[in-house]
Amino acid sequence: MTTLEEAAFAGDEAAFADLAGRHRRELHVHCYRMLASYDDAEDAVQETLLRAWRSRDQYDGRTYFRAWLYRIATNVCLDVTRRQTRRSTSPGDMVWLQPYPDRLLDEIAPPADQPDAVAVDRETIELTFLIALQALPARQRAALIARDVLGWSASETAGLLETSVAAANSALQRARVTMQQRLPARRSDWSAPRPTAEEREVLDRFIDAHQRCDAAAAIAIAAEDLRISMPPDQLTFDGLAACLPLFERGMGPKRDGEWKLVPTSANRLPAAASYLMRPGDTVWRAFKLDVLWVSDHKIVEITTFGYSRFPAFGLPDRLTP
């Protein structure tokens, strides 16, 4: 053990908090992948650190401290999933689904032996991937994350799940089959670590159309198979024809006010934070967050969230003229 570890496991609470705190953000992302909720992940990390402190006498010093924390975090998430027994395959049904700010993903440093690696790959945090993960039984989900996301070995994964290597491999194989069935073929488009130039250009056009309240311009960059979902309201609209009334309502002559949009990114996807100035008001107030999935210069999916996560994105609750 290092001097800091020795102090931490000797009962120095400040030293333990320092040691564990170095892994807090990556643990949060791990819990987020398991639970698909930013808030639930925050609670899970708090519980993880509390359990780690209380069970510090069980740490044998041979296991990497980081791996020991991941095991505790995974067990916390398994407990949460057992209590909630929630499973879904549609973003419209996943009322707990929340976005993750890219600016916080960027806080996670890549592994020391892979300085050029992307710390959080797009394909492991994108909303469609998370939704597919939620369809897996919790232990299969944990096995897939350990092997295919974290890159752990079969024996490390078995240790994480406190099971045999054969059982861990079996869970992994079943998870891979399910994910292959549920993930779209265009997942190959997710290779970029963050929004591409094409996606940023479409986002700019999306923002411009909204701020000019030009519904036709917004429709022009929408794919025919556009899907719009709005967790936690369990609303999903499939196909451009079904989505047209939303564009007209938000940007047409009967709209509720004037829009101001701020570009951002969530889950390695382009996003826009929307602010609305209603008639008679003097400021634009936080309203919603649209996360876009772009393919072939068209928007194929919009996941619309409320503004509760704006602080995590570093966004204000209002804009002034």
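Throughout, read-outs are computed from the coordinates displayed, never taken from laboratory work. Please read all numbers here as calculations on a predicted model, not as lab measurements. All Cβ positions, even for glycine, are placed from backbone atoms using ideal geometry, and neighbour counts span all protein chains on display.
Between 0 and 90 degrees, the angle of helix 24-35 with respect to the longest Cα principal axis of the chain falls at about 70 degrees.
With the simple model of a label 7 Å out from the Cα in the direction of the Cβ, residue 103 to residue 296 spans 3.5 nm. About its Cα centre, the chain has a charge dipole of approximately 700 debye under the convention of +1 per Lys or Arg Cβ and -1 per Asp or Glu Cβ, with nothing else charged.
One quarter of the convex hull surface built on the alpha carbon atoms of the stretch 197-319 amounts to 7.3 nm², the projected area averaged over directions.
Residue exposure proxy: 144, 35, 172, ordered by other Cβ atoms within 10 angstrom of their Cβ from fewest to most, comes out as 172, 144, 35.
For the chain, the longest principal axis of the Cα atoms and the long axis of helix 197-211 meet at an angle of about 50 degrees.
Expressed to the nearest 5 percent, the antiparallel share of DSSP beta bridges inside the chain is 90 percent. Sorting the Cα pairs of the stretch 40-81 by distance into bins of 5 Å, from 0 upward, gives 6, 25, 34, 21, 11, 3, 0 percent per bin. Evaluated at q = 0.14 Å⁻¹, the base-10 log of the normalised Debye intensity for the chain, with identical point scatterers placed on the Cα atoms, takes the values -1.10. Can you give the angle from 0 to 90° between the axis of helix 165-182 and the longest principal axis of the chain, with both taken from C-alpha atoms, to the nearest 10? The two axes meet at around 10 degrees.
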